[in-house]
Amino acid sequence: MNFNENSNITIFKHPLIQHKISKLRDKNTSTKEFRQLVEEIAMLEGFEALSDLPLEQVEVETPLEKTMAPHIAGPKLAIVPILRAGLGMVSGILALVPNARVGHIGMYRDEETFIPHPYYCKLPKPIDKRLIVVTDPMLATGGSAIDAIDQIKKEGGKHIKFMCIIAAPEGLEALSKAHPDVEIYVGCLDRELNENAYICPGLGDAGDRIFGTK
Ligand code: PRP
Ligand code: URA
């Protein structure tokens with residue numbers, strides 16, 4: 001599959017994003033720095049991913065005169081991290097859109113079967129009217145992202161974007177096939193999955209590295 005020809009997939013080439021991802025990969029990067037890098041990368045990706053936010057003209061009075069000026073329109077954006085690791089990206093997007101609402105989807109991957117197990121879902125209402133940005137730094141087999149987006153659609157979500165930092169080709173293909181209507185933003189496309197469904201070269205376990213649990 002040639003991902004660059006799929007208009008629903010954006011693979012970032014920006015040098016700042018690439019540089020920060022290289023620092024994330026380094027096993028010697030501390031928890032504090034890892035967390036900060038995830039936040040910064042999410043902000044850089046979010047800047048591009050939100051470039052089609054709808055605008056409306058509203059009246060503003062400058063010190064000189066009244067004028068019509070663009071304002072972000074519509075119900076507030078919903079950021080929906082897939083727990084746990086997706087949480088690390090939320091603050092970066094909130095820095096751009098401080099009024100966004102935040103939902104949560106709890107999902108953990110069985111270590112042997114790699115099948116995702118949902119354990120929590122709370123989304124801001126009315127979810128059908130909002131632009132939804134689902135965050136998870138890692139898109140490995142794609143199972144977690146596919147199931148999370150299935151759940152959001154069951155709750156009525158319609159306009160969905162998915163943002164990750166590192167993707168494996170296997171997961172990117174699976175997600176784009178399962179949800180062709182979802183726009184996917186990828187910081188870096190890696191080589192492959194290993195026998196434990198970890199992304200190679202990857203960065204290891206994103207949740208453990210963000211929260212310092214290993
Ligand atoms: C990781 C990661 C994704 C998932 C990706 O989470 O944050 O959610 O694995 O794998 P997949 O594409 O094969 O589904 P994990 O299940 O380890 O949970 P955690 O975030 O709580 O550590
Ligand atoms: N989840 C992670 O955190 N890392 C991987 O490489 C794969 C799944």
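The numbers here are math on the coordinates, done by the rules we state, and not lab data. These figures come from a predicted structure and were not determined experimentally. Please note: Cβ atoms are built from the backbone with ideal geometry, for glycine as well, and neighbour counts cover all protein chains shown.
Can you pick out the pairs among 129/158; 76/161; 32/161; 122/214 whose Cα atoms lie more than 19 Å from each other?
Over 19 Å Cα-Cα: 32/161; 122/214.
Can you pull the one-decimal nm distance between simple spin-label points at residue 113 and residue 177, each 7 Å off the Cα toward Cβ?
A separation of 2.0 nm, rounded to one decimal place.
If you average the sequence gap of Cα pairs under 8 Å that are 6 or more apart and divide by the length of the chain, what percent do you get for the contact order?
After rounding, I find 23 percent.
Once each part is reduced to its C-alpha centroid, what is the distance from segment 132-177 to segment 62-120 in angstrom?
13
If the elastic network links every pair of Cα atoms under 10 Å, which of 107, 163, 138 fluctuates the most in the Gaussian network model of the chain?
Judging by the Gaussian network model, the answer is 107.
Assuming a ≥ b ≥ c are the square roots of the Cα gyration tensor eigenvalues, decide whether segment 1-68 counts as rounded (a/c under 1.5), prolate (otherwise, with a/b larger than b/c) or oblate.
Oblate.
If the elastic network links every pair of Cα atoms under 10 Å, which of 52, 150, 190 fluctuates the most in the Gaussian network model of the chain?
Highest fluctuation among the options: 52.
Output the antiparallel fraction of DSSP beta bridges having both residues in the chain, as a percent to the nearest 5.
Antiparallel bridges make up about 40 percent of those DSSP assigns within the chain.
Explain nothing, just the number: dipole magnitude of segment 14-54 about its Cα centre with +1 on each Lys and Arg Cβ and -1 on each Asp and Glu Cβ, in debye rounded to the nearest 20.
In debye, rounded to 20, segment 14-54 gives about 320.
Taking the alpha-carbon distance from residue 23 and a cut-off under 19 Å, which aspartates and glutamates remain once sequence neighbours fewer than 8 residues away in the same chain are dropped?
Excluding near neighbours in sequence, the set is 33, 39, 40, 45, 136, 190, 205, 208.
Would you list the membrane-span-like helices of the chain, meaning whole DSSP H runs whose alpha-carbon atoms span at least 24 Å along their axis and whose mean Kyte-Doolittle value is at least -1.0?
Those that pass (Cα extent of 24 Å or more, hydropathy at least -1.0) are 31-49.
Rounding to the nearest 20 debye, state how big the charge dipole of segment 1-158 is about its Cα centre with +1 on each Lys and Arg Cβ and -1 on each Asp and Glu Cβ.
340
Can you tell me what percent of all Cα-Cα pairs in the chain are more than 21 Å apart?
Summing the P(r) of the chain above 21 Å gives 53 percent of all pairs.
Evaluate the distance, in nm, between pseudo-label points positioned 7 Å from the Cα of residue 48 and of residue 23 along their respective Cα→Cβ axes.
1.8
Would you look at the GNM of the chain, springs on alpha carbons closer than 10 Å, and say which of 130, 84, 191 moves the most?
Of 130, 84, 191, the Gaussian network model singles out 191 as fluctuating most.
Report the charge-dipole magnitude of segment 81-164 in Debye, nearest 20, computed about the Cα centre from +1 at each Lys and Arg Cβ and -1 at each Asp and Glu Cβ.
Rounded to the nearest 20 debye, it is 560 debye.
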